[in-house]
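All remarks here apply to the structure that follows.
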Amino acid sequence: GEDTFKFYTDGEWKTSTSGKTVNIINPSTLKPVFKVQACTQDEVNKCVDSAKAAQKIWAKTPLWKRAETLHRFAAILREHSVSIAGCLVKEIAKCQKDSVTEVVRSCDLISYTAEEGIRILAQGKFLVSDSFPGNERNKYCLESKIPLGVILAIPPFNYPVNLAVSKIAPALITGNAVILKPPTQGAVAGLHLIHCLHLAGFPKGLVSAITGKGSEIGDLLTMHPGINCISFTGGDTGISISKKAGMIPLQMELGGKDACIVLEDADLDLAASNIVKGGYSYSGQRCTAVKVVCVMESVADTLVSAVNEKVKKLSVGMPEKNCDITPVVSESSANFIQGLVEDAKEKGATFHQEWKREGNLIWPLLIDHVRPDMRIAWEEPFGPVLPVIRIKTIEEGIHHCNANNFALQGCIFTRDINKAIMISDAMESGTIQINGAPARGPDHFPFQGLRDSGIGSQGIINSINIMCKVKSTVINLP
Ligand code: G3P
């Protein structure tokens, strides 16, 4: 049978008292590959209690020691990068090479966070009172940063390791405890990550990993009074979480429909390679993927044929073989993508390749002459299908970006830097890339979505700051 994995609580691996497990289906074979525990509400409550207690000790642990433990965690994770990548291949069908990259990037992220945390948290502020009208210089204020308490970290399936550590590392360096709820697809990679964390020697109970069904433990976790911050990456579940969560900081990244605007004077080769890399890597299953191309009519044919040339060269197949396009994460996801494609076809879009699907494997597709009445103009397929809208004016492209509920990133291709800046200013989205594909990294850059794409800003520096609160001590002189 499939391997069954325990969950992690109080520094130990345990089987849930529910006696139930959740299946992880290999997207490539459609067969169960692993089982994880279906944790109970009682187990969630116990994790929160242990986290609270351990956090008190951790917050008093010297900052340099917290950083040292994180560096040790990064080093151990690095040693395990190939085996963890193996889980990613089986659980989320990310190709072998990209799976290793995800883990290595995560090690770098942990170390960088430890370094950055040392610098940020070493400094506070000192203020004096006599700048404000009516005050003498008799009050000194010492402002410092203190941890929030217990952080709930919920990463998505597409980066189960990297988007776990991008929440765990800033939480820990700032002196918080963490409860990790890994995505079901990717849970085992997440548990291996926690094994590395265990070996690094953090206090018992400081970090736990709870697996199971969202329907059973989701609301309890996200509405739990013991949780002091939620860092979530995923789909619209994030919107309902934010409505239910209490008065706590939220860091949420909930998808995107990143527009790529290509002007007449653009380097079309550069644009085409970025569109292919941005649109099709990991089969389009990235929130920062290029999800709609808005190209000026006069250069559309040239751009489209340059993109098609490159799409032709993409290899399609299994992640173990390092193919460019691999099966999408689930059957329901493949069905959703197919629905968007069929809708576009019925409404008269032009297909440059034939629609082809075997199981969850979908061949890359460029859908041209897309119009605003087609669902794919607005919705996020999270698959290797990319719509092209031909525009007559730059304003049309800007409008298309701004009219979407999603507003994560966007990009512009032009050789005219003044135009680029003006368009970037007009695009109401979290990050605009000039002459490059949307991307979250490098991981210390700020990363945020506007509108339905999220709340709060990520990136190492911003995450460290979001996971602290300000505390001040005022000295009153006679
Ligand atoms: O899909 C989530 C996301 O954070 C994207 O990251 O590195 O692929 O731009 P990246």
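The values are calculated or read from the model by the stated rules, or taken from the named source; none is laboratory data. Predicted model, so just to flag it, every value in this text is computed and none were measured. Ideal geometry is used to build each Cβ from the backbone, glycine not excepted, and the neighbour counts take in all protein chains shown.
A compact table of results
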read-out: Close pairs (8 angstrom Cβ cut-off, 6 or more residues apart or separate chains): farther than 16 Å from Ala377 by Cβ in the range 392-416, among the basic types (Lys, Arg) and modelled with pLDDT under 95 anywhere; value: none
read-out: Residues of the range 466-478 satisfying the condition of being out of contact with any Leu (no Cβ under 8 Å at 6 or more places or on another chain) and buried (at least 19 other Cβ atoms within 10 Å of the Cβ); value: Ile466
read-out: Candidate set: the range 8-24, residues that are β-branched (Val, Ile, Thr) and not in a loop (DSSP other than H, G, I, E, B); chosen: the one nearest to Phe157 (Cα to Cα); value: Ile24
read-out: All positions within the range 440-455 that are of a type in the set (Gly, Ala, Ser) and surrounded by fewer than 21 Cβ atoms within 10 Å (Cβ to Cβ); value: Gly441
read-out: Any chance Cys323 is away from the ligand (no atom under 16 Å from the Cβ), over 30 Å from Thr393 (Cα atoms), touching a residue at least 12 places away in the same chain (Cβ under 8 Å) and among the hydrophobic types (A, V, I, L, M, F, W, C); value: yes
read-out: Test set (1) in a loop (DSSP other than H, G, I, E, B); (2) over 30 Å from Ile325 (Cβ atoms); (3) under 26 Å from the mean Cα position of the chain (by Cα) - Pro27 fails condition number; value: (2)
read-out: Residue check for Ser273: closer than 21 Å to Leu88 by Cα and not in a loop (DSSP other than H, G, I, E, B); value: no
read-out: Complete set of residues in the range 221-236 that are aliphatic (A, V, I, L, M) and either within 16 Å of Ser18 (Cα to Cα) or not in a helix (DSSP H, G or I) (or both); value: Ile227, Ile230
read-out: Flag for Lys291 being within 16 Å of the ligand (Cβ to nearest atom) and in a strand (DSSP E or B); value: yes
read-out: Test for Lys312: is it within 30 Å of Val48 (Cα to Cα), more than 16 Å from the ligand (Cβ to nearest atom) and basic (Lys, Arg); value: no
read-out: Failed criterion for Val328 (all others in (1) under 25 Å from the mean Cα position of the chain (by Cα); (2) assigned to a helix (DSSP H, G or I) hold); value: (2)
read-out: Residue among Gly117, Gly86 that is over 21 Å from Thr29 (Cα atoms) and in contact (Cβ under 8 Å) with a residue 12 or more places away in the chain; value: Gly117
read-out: Which numbered condition Ala189 misses (of (1) more than 19 Å from Trp13 (Cα to Cα); (2) hydrophobic (A, V, I, L, M, F, W, C); (3) crowded, with 18+ Cβ neighbours inside 10 Å); value: (1)
read-out: Members of the range 252-263 found to be on the phi < 0 side of the Ramachandran plot, under 23 Å from the mean Cα position of the chain (by Cα) and not in a strand (DSSP E or B), listed by number; value: Leu254, Gly256, Lys257
read-out: Any hit, the range 30-42, residues being more than 30 Å from Leu361 (Cβ to Cβ), in a helix (DSSP H, G or I) and in contact with a helix residue (DSSP H, G or I) (Cβ under 7 Å, 6 or more places away or on another chain); value: yes
read-out: Subset tally (residues that are at pLDDT 95 or above and within 30 Å of Asp368 (Cα to Cα)) for the range 233-254; value: 3
read-out: Lone unmet requirement of (1) assigned to a helix (DSSP H, G or I); (2) away from the ligand (no atom under 16 Å from the Cβ); (3) under 30 Å from Val293 (Cβ atoms); (4) of a type outside the set (Ser, Thr, Tyr) for Ala266; value: (1)
read-out: Any hit, the range 273-281, residues being within 14 Å of Phe413 (Cα to Cα), over 22 Å from the mean Cα position of the chain (by Cα) and away from the ligand (no atom under 15 Å from the Cβ); value: yes
read-out: Cβ pairs under 7 Å, 6+ apart, first in the range 337-350 and surrounded by 13 or more Cβ atoms within 10 Å (Cβ to Cβ), second part of a helix (DSSP H, G or I) and at pLDDT below 95; value: none
